[in-house]
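Below is one structure, written out as structure tokens, with a few remarks after it.
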Amino acid sequence: MTDVNIFKPGAEITIDDKKCIGCRRCVEVCPEDVYELVKREGETNPNREYKSIALYPEKCILCLSCLEICPTNAIYIFGKQ
Amino acid sequence: MAGPLLEEQLIKPKHDWKDLTSKIVKKLKLKYEPVGVFLVPSVHKERYEKFFEDIPRPNGRLTYCQAVETVRGSTNYSGLPEPPDALRLKAEDFMCAAGAANLGLYDLPEPIKNGERDFLLRRFYSLETSRITREKIPRLEPGSISEVIVFKLPKAPVEPQVVLMFGVPAQILALEGHYLMKKGGRLNIDLLGTCGVCSEMTVSPLVNRKMNFSLLCGGARAHAFHDPTEMGAGIPAEEFPDLVENLLNRQNIPMRQTLPENLR
């Protein structure tokens, strides 16, 4: 093939802090380990103790598993869901 | 490089798509007009560049199914101020790697190709069944396509390769009957319920040269097609004019259910 486009990993990922319940599903489902669960500083509500962050967005392969599995639709990729 | 003769051969629509659309929409009481798809082959990328330069690209990334949903006029996901009648998508415009890879823009990222992605979603019994299932999803050769043009069928800027139609099962039933009853036989559907619009509705009809149905897929229903009563059919464009003729000239397949007004 003369002009093969090569897939380039990486995405702009934002997580709505108000919506994220720290359920860990995106961490577990991501095949590229983009996400990590961290403690919310100073959070007193035990149900909101953790939140997900996109630690390695440059590794994202745009499989959209995280969008599919997030129970609160907290994740946005390139600003979209 | 791109002269009038080449334009005539490569681009100029060979049928009156506006007329065909109007007939089928009226006959089947479709809610939305069908969508045409043209995949630009990489080997002729430069030739086609000039022909499609006036077709807008989306402002921001979107999935293939969102692009289809946008041009059919339901929801505008393009980021453009006005809903476009046609969209031109390059590899970097895609938000869904699987959709772009199925359409031949590049190869599948390895974790999708080897089944890991679907397995991690807890859909499969084993990594092996996940990998085999992914392998069997129809897709075009990686890098064989440089751009995807999707457009409202009546405003076809080019002869489409595939026509995508959406409707409730009763409408698709009418379509399928008239597709088969001229040449006879049965239609073996190429279906999984993954990659519904990109693979099942677009690539499968292209590769297998016959109509295919799709119940759409989780992604398409989550990101674009929000009406749970809809399903889709992909028809090789060269078969579409004959299909419309059959629909108009042959006995109606009786629909014993009357379509509710809000679904028409």
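Before moving on, here are some points about what is shown:
- Cα gyration tensor category, rounded, prolate or oblate, for chain A with a/c compared to 1.5: prolate
- Neighbour net charge for A:Lys59 - beta-carbon separation under 9 angstrom, K R +1, D E -1: -3
- Here B:His226, B:His15 are placed in order of increasing Cβ neighbour count within 10 Å, fewest first, which gives B:His226, B:His15.
- Ranked by how many other Cβ atoms sit within 10 Å of their own Cβ, fewest first, the residues B:Asp227, B:Asp118, B:Asp190 fall in the order B:Asp227, B:Asp190, B:Asp118.
- Sites B:Glu245 and A:Asn45, calculated FRET efficiency, Cβ-Cβ separation with R0 51 Å, nearest 0.05: 0.20
- Computed E for B:Lys50/B:Val207 - FRET, C-beta separation, R0 25 angstrom, nearest 0.05: 0.35
- Chain B: relative contact order in percent, alpha carbon pairs under 8 Å with at least 6 residues between: 24 percent
- Secondary structure note: in the range B:15-254, about 95% of the DSSP beta bridges are antiparallel.
- Spacing of the modelled spin labels on A:Asn73 and B:Glu82, each 7 Å from Cα toward Cβ, amounts to 2.9 nm.
- DSSP assigns beta bridges within the protein assembly as shown; of those with both partners inside it, close to 95 percent run antiparallel.
- For chain B, modelled as a GNM whose springs connect Cα atoms under 10 angstrom apart, the maximal fluctuation among B:Glu159, B:Glu128, B:Glu176 occurs at B:Glu128.
- With both labels modelled 7 Å from their Cα along Cα-to-Cβ, the B:Lys113 to B:Glu128 distance reads 2.2 nm.
- Sorted by Cβ density within 10 Å, fewest first, the residues B:Ser204, B:Ser78, B:Ser42: B:Ser42, B:Ser78, B:Ser204
- Residue pairs, from the table B:Lys31/B:Lys152; A:Lys19/B:Lys90; B:Lys31/B:Lys182, whose Cα atoms sit over 22 Å apart: A:Lys19/B:Lys90; B:Lys31/B:Lys182
- Using just its DSSP H runs of length 4 or more, each adding -39500 (n - 2.57), chain A gives a mean residue ellipticity at 222 nm of -2500 deg cm²/dmol after division by all residues.
- Hz values of 3J(HN,Hα) by residue in the range A:42-59 - Karplus curve (6.51, -1.76, 1.60), Gly and Pro given as x: x, 6, 9, 6, x, 7, 10, 5, 10, 9, 8, 10, 8, 6, 10, x, 5, 8
- Oblate is the label for the range B:15-254. Its Cα gyration tensor axes, ordered a ≥ b ≥ c, give a/c of at least 1.5 and b/c at or above a/b.
- In this structure, B:Leu187 and B:Arg221 have a Cβ-Cβ separation that, at R0 = 30 Å, corresponds to a calculated FRET efficiency of about 0.85.
- Of B:Val150, B:Val207, B:Val158, the one that fluctuates the most in a GNM where chain B has Cα springs shorter than 10 Å: B:Val207
Each value in this text was obtained by applying a stated rule to the coordinates, not by laboratory testing. Owing to the predicted nature of the structure, the values given are computational and were not obtained by experimental measurement. Cβ coordinates were reconstructed from backbone atoms using ideal geometry, including for glycine residues, and neighbour counts include every protein chain displayed.
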